[in-house]
1. Any idea which of LEU181, LEU231 is on the phi < 0 side of the Ramachandran plot, among the aliphatic types (A, V, I, L, M) and within 14 Å of the chain's Cα centre (by Cα)?
2. Quick check on my filter: what residues within segment 121-144 are assigned to a helix (DSSP H, G or I) and either modelled with pLDDT under 95 or within 30 Å of ALA68 (Cβ to Cβ) (or both)?
3. Among the residues of segment 13-20, is any more than 30 Å from ARG316 (Cα to Cα), modelled with pLDDT of 95 or more and of a type in the set (Ser, Thr, Tyr)?
4. Output the strands (runs of 3 or more DSSP E) that fall wholly within segment 1-120 and possess 3 or more residues being in contact (Cβ under 8 Å) with a residue 60 or more places away in the chain and either touching a helix residue (DSSP H, G or I) at 6+ places or on another chain (Cβ under 6 Å) or within 30 Å of LEU136 (Cα to Cα) (or both), or say none.
5. Just the residues that are touching a residue at least 60 places away in the same chain (Cβ under 8 Å) and touching a Pro at 6+ places or on another chain (Cβ under 7 Å), please, taken from segment 121-173.
6. Residues in segment 220-251 that are of a type in the set (Val, Ile, Thr) and closer than 17 Å to ALA21 by Cα: how many?
7. Do we have THR275 as assigned by TED's automatic domain parsing to the domain that holds ALA195 and either under 20 Å from the mean Cα position of the chain (by Cα) or touching a residue at least 12 places away in the same chain (Cβ under 8 Å) (or both) here?
8. Residues LEU181, LEU191: which one is at pLDDT below 95, assigned by TED's automatic domain parsing to the domain that holds THR275 and of a type in the set (A, V, I, L, M)?
Amino acid sequence: MIFVTGGAGFIGSHTVRALHAAGEKCVLLQRRTPALPPQLHDVPAAMAQGDIADLESLREVGRRHTIAGIVHLAITPPWAAGGEDAVGAVGRALDGFLNIVRVAEEWGVRRVVVASTIGVYGGVAAEGALGEDLPLPMGYFHAIPTLKKVTELLAGQLAAESGIEIVAARISGTWGPGGHLPDPFFPAPSLAHAAARRTVPDLSGLAHQPYAEDSLDLCYVKDTGRALALLQRTPVLRHTTYNVGSGRATSNAEVIAAIAATEPGFHTELPSRDTTAPRQWLDTTRLREDTGFTPEYDTAAAAADYIGWLRAGNER
């Protein structure tokens, strides 16, 4: 079985679906409840209740199931909350990753796929495609990319010492069924929801003012899940780090045009920048060459599928 931490979440649930479609059986870890979430009601997955920061709850999964591979998508937030001190929060976040490697070693797991993020490239000045071998800026600007950079470095050391293949998947901006609303970093989900509901987009939840020309590597979540499944299942991988994305830059203006093609009554405008922002995207050559992955959804197909999902009565 494939153990998927965060398997009931946004990207996790689509990864589980992709693994199931490929013939794999999955066991999902969920912190709050052992019940299978509604979005996976038609997938015969096993559920386990536990916390990646609780080593014993992870070991219990191994006592109940034979685990052959791990896709690690869950995260313990590395910032203080609820009275916890900042050092303790970072410690719990790192413990979650270390615990996954501990049980992988105990269970004899061959490969662990660990979620990283496009955010590790934050501050890279290069225009165009961002390759996995680019030097990464080491300055702090957000807790999540910081944690992921540390995790990637630890993964290299632990893989060398344990013999476990630990693969980091640098996941791009992802949208689609079950996604975050709002996503604080890009407006596509909020725009799609407004189109589905025939309302004016509410972009107040974004961390920064979005502009029409702003772009990023925007990947539909069904493609993201399939890429992660391929990274887990492909017999031989030649690298330990892979970009997971569409391999192209999509601007906010292009998202609006794609949504309007599906919903002709949808009209909204974003302001233009005074200066041109760098256009960057993930170089997915490694992923394509080693796993055969190519995206199935362009922006228009993604917008149509997502709006159809929302119109069917789904909240997210």
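1. LEU231
2. ALA143, ILE144, listed by residue number.
3. no
4. Qualifying strands (runs of 3 or more DSSP E): 2-5, 69-72, 111-117.
5. Those that are touching a residue at least 60 places away in the same chain (Cβ under 8 Å) and touching a Pro at 6+ places or on another chain (Cβ under 7 Å): VAL124, GLU127, ALA143, LEU147.
6. Matching residues across segment 220-251 total 3.
7. When the stated conditions are applied, THR275 does not pass them.
8. After ruling out the rest, the residue left standing is LEU181.
The values are calculated or read from the model by the stated rules, or taken from the named source; none is laboratory data. Remember, predicted model here, so these are calculated numbers, not experimental data. Positions of Cβ are generated from backbone atoms using ideal geometry, with glycine treated the same way; all protein chains shown enter the neighbour counts.
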